[in-house]
Amino acid sequence: MATSSHAQAVKSLNKSPGRRRFVFKSFSERLDDIEINVFRSLHQVKAEPSEGSSFFRDCLVEWRESNTTEDFISLYEEVISCTQTLPLVLLHKETIISNLLSRLHMKARLSLEPILRLIAALSRDLLEEFVPLFPRIVDSLASLLESGADREPDIIEQIFTSWSYIMMYLQKYLIHNPSEVLKVTSKLRYYPKEYVQQFMAEAMSFVLRNAPDEQLKRGIRRVIAEAVKKPSPCRESGVELLLYNIMKGYSPRFHSKAERVLQLLTSETVHSIGNGADQALSMMYSMRYVPKMPKIKSAMDYFMPYTNN
């Protein structure tokens, strides 16, 4: 009988033509295969829940048909009575989120995808009321990664697909105070593994790109202050990745916000943060990601016009 481990083994095989066809992929190759395309997906997002229902209940019922693991079934039985209508979901939000977060551990790995999708669905029902739950959710995700999920590309993809959906569903609330979102997500933004930082930077950059100018300025100031006040290679790479992802557009172009970000990095906004100017310029010049843009020879070539002003 086929098991989840067998399915995982098949997914880990290299299926491309050549001599290494059907050879197991390396960890880095499996990471490269991760594609979180929430913000540019052509897949139609359901605009409204079923009549008299909620997004959470619709998601719960959908996954009940395809996931029969013990952890998910027990979750279903504990929360289904709280989800009959949207007012009930709002009333029992604490019970629901506690049940979800308590199951975010590696022993429940076969239930993690539906649980993570349910967390995203809950954010769509609660909207602004979901934002105060961020610290608990970030702590739970960081704990899950630390317990071994950071070595499982499939789970990494599930985690950041869920988080990206949350950012998309709540963007109109988050863009009015992105610096607070940055504050409560530092555990994931500065996680010791750079590939985790990259997936987190992609999601957080979506919020900052869409933020009003004053809020973008506060967000940039916050991340530079974090790197200046507690300098470390981990924090520097986390800030670099976030700044790069804000500026990155469709290859080979930069995003329309790139110029504004560079102006802020060389402005008094940053200069006033201790040795923020030196720190910002150092990160700008050392950005390992910018030279990947085909039409730019080096980070220095792009940034020099702004540093000479």
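The values are calculated or read from the model by the stated rules, or taken from the named source; none is laboratory data. In this text, all values refer to a predicted model and were calculated from it rather than measured experimentally. Reconstructed Cβ throughout: ideal geometry from the backbone, glycine too, with neighbour counts over all protein chains shown. Ligands, DNA and RNA are excluded from the accessible area calculation, which covers all protein heavy atoms including side chains. Shrake-Rupley method; radii C 1.70, N 1.55, O 1.52, S 1.80 Å.
Kindly indicate whether any position in the stretch 113-124 is touching a Cys at 6+ places or on another chain (Cβ under 6 Å), open to solvent by 20 Å² or more (accessible area, probe 1.4 Å), assigned to a helix (DSSP H, G or I) and farther than 23 Å from Leu145 by Cα.
For the stretch 113-124, residues touching a Cys at 6+ places or on another chain (Cβ under 6 Å), open to solvent by 20 Å² or more (accessible area, probe 1.4 Å), assigned to a helix (DSSP H, G or I) and farther than 23 Å from Leu145 by Cα: absent.
If we keep just the residues of the stretch 251-268 that are farther than 18 Å from Glu240 by Cβ and open to solvent by less than 50 Å² (accessible area, probe 1.4 Å), which is modelled with the highest pLDDT?
Among those residues, the one meeting the criterion is Ser267.
Any idea how many residues of the stretch 209-232 are free of Cβ contacts under 8 Å to residues at least 40 places away in the same chain and either within 19 Å of Ser164 (Cα to Cα) or not in a loop (DSSP other than H, G, I, E, B) (or both)?
3
I'd like the residue in the stretch 46-101 that is under 19 Å from Glu129 (Cβ atoms) and among the basic types (Lys, Arg) and, out of all such residues, is surrounded by the most Cβ atoms within 10 Å (Cβ to Cβ).
Only one residue fits best here, namely Arg57.
For residues that are among the hydroxyl-bearing types (Ser, Thr, Tyr) and part of a helix (DSSP H, G or I), tally how many sit in the stretch 245-275. Before you say what the answer is, go through the steps one by one.
Looking only at the stretch 245-275, we keep the residues that are among the hydroxyl-bearing types (Ser, Thr, Tyr), and these are 250-251, 256, 266-267, 269, 272.
Then keep just the ones that are part of a helix (DSSP H, G or I); that gives 269.
Here the count works out to 1.
State yes or no: is Ser179 closer than 17 Å to Glu128 by Cα and not acidic (Asp, Glu)? Before the answer, list the steps.
Details: closer than 17 Å to Glu128 by Cα: yes; not acidic (Asp, Glu): yes.
Answer is yes for this residue.
Name the residues in the stretch 81-112 that are part of a helix (DSSP H, G or I) and within 12 Å of Ser54 (Cβ to Cβ), would you?
Cys82, Leu86, Pro87, Leu88, Val89, Leu90, Leu91, Lys93, Ile96
Name every residue in the stretch 121-135 that is free of Cβ contacts under 8 Å to residues at least 60 places away in the same chain and in contact with a helix residue (DSSP H, G or I) (Cβ under 9 Å, 6 or more places away or on another chain), in order of residue number. Even if it seems obvious, please write down each step before you answer.
Let us first name the residues in the stretch 121-135 that are free of Cβ contacts under 8 Å to residues at least 60 places away in the same chain, namely 123, 126-135.
Passing the criteria: Ser123, Leu126, Leu127, Glu128, Glu129, Phe130, Val131, Leu133, Phe134, Pro135.
Is it the case that the stretch 233-244 has a residue that's at negative phi, in a helix (DSSP H, G or I) and touching a Leu at 6+ places or on another chain (Cβ under 8 Å)? Write out each step before concluding.
Let us first name the residues in the stretch 233-244 that are at negative phi, namely 233-244.
The next check asks that each one be in a helix (DSSP H, G or I); those that pass are 233-244.
Still in the running and touching a Leu at 6+ places or on another chain (Cβ under 8 Å): 242-243.
Looking through the stretch 233-244, at least one residue is at negative phi, in a helix (DSSP H, G or I) and touching a Leu at 6+ places or on another chain (Cβ under 8 Å).
Quick check: is even one residue across the stretch 284-298 more than 25 Å from the chain's Cα centre (by Cα), modelled with pLDDT of 55 or more and farther than 23 Å from Phe199 by Cα?
Within the stretch 284-298, the first condition is being more than 25 Å from the chain's Cα centre (by Cα), and the residues that meet it are 285, 294-298.
Among the residues that remain, those that are also modelled with pLDDT of 55 or more are: none.
The answer is no, given that none of the residues of the stretch 284-298 is more than 25 Å from the chain's Cα centre (by Cα), modelled with pLDDT of 55 or more and farther than 23 Å from Phe199 by Cα.
Please go through the stretch 80-95 and give me each residue that is hydroxyl-bearing (Ser, Thr, Tyr) and at pLDDT 95 or above, ordered by number. Outline the logic, then answer.
First pass over the stretch 80-95, keeping only residues hydroxyl-bearing (Ser, Thr, Tyr): 81, 83, 85, 95.
Thr95 - this is the single residue of the stretch 80-95 that is hydroxyl-bearing (Ser, Thr, Tyr) and at pLDDT 95 or above.
Being in a loop (DSSP other than H, G, I, E, B) and either farther than 17 Å from Pro114 by Cβ or free of Cβ contacts under 8 Å to residues at least 12 places away in the same chain (or both) is the filter here, so list the residues in the stretch 136-192 that pass it. Full working, then the answer.
Initially, the stretch 136-192 is screened for residues in a loop (DSSP other than H, G, I, E, B), giving 147-148, 152, 175-177, 185, 190-192.
Across the stretch 136-192, the qualifying residues are Ser147, Gly148, Ile175, His176, Asn177, Thr185, Tyr190, Tyr191, Pro192.
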